[in-house]
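Contents: one structure, followed by commentary.
Only the coordinates and a few stated rules stand behind these numbers; no lab work does. Since this is a predicted model, take the numbers as computed values, not measurements. Using ideal geometry, Cβ is built from the backbone for each residue, glycine included, and neighbour counts are taken over all protein chains shown.
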């Protein structure tokens, strides 16, 4: 296991993505589209500018992914109630059902990953004290 936090985080991200891939394939979603849905699942009604940051996507990419999710009926766009120039996004009822199913699988993968890292840390600390 690398000691670099950056590498550890990328490995964790990759393990979760690989674990979710069969479910994402089942629903015809890319990892980026899932990040958009997850961000909206955790915080509905986000303006596009906030959603880009939440989903860790450049604004141009976000627009393309949201367009596809809207076409599929998974995400809704609405005019912001207080500022008619802004658009807010939220999951549709179908999108919320899909998001809950994938989020449940993701939580399980995250728990397994946490257990794995705990074991690695324990093994490292044990080998360090034996030296």
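Things to note:
- Ellipsoid semi-axes in whole angstrom, largest first, where each is sqrt(5λ) of the Cα gyration tensor of segment 50-113: 25, 15, 11
- Cβ-based exposure ranking for 36, 70, 98, in which fewest neighbours within 10 Å come first: 70, 98, 36
- Our summary gives segment 5-130 a relative contact order of 25 percent, counting only alpha carbon pairs under 8 angstrom and 6 or more residues apart.
- Separation in nanometres of the label points that stand 7 Å from Cα toward Cβ, at residue 64 and residue 7: 3.1 nm
- Structure-derived Rg and Dmax of the Cα atoms in Å - corresponding label in [x] 18.1, 65; [y] 16.5, 62; [z] 17.4, 67: [x]
- Taking label positions 7 Å along the Cα-Cβ direction at both residue 115 and residue 32, the computed distance is 3.4 nm, reported to one decimal.
- Between 0 and 90 degrees, the angle of helix 31-42 with respect to the longest Cα principal axis of the chain falls at about 80 degrees.
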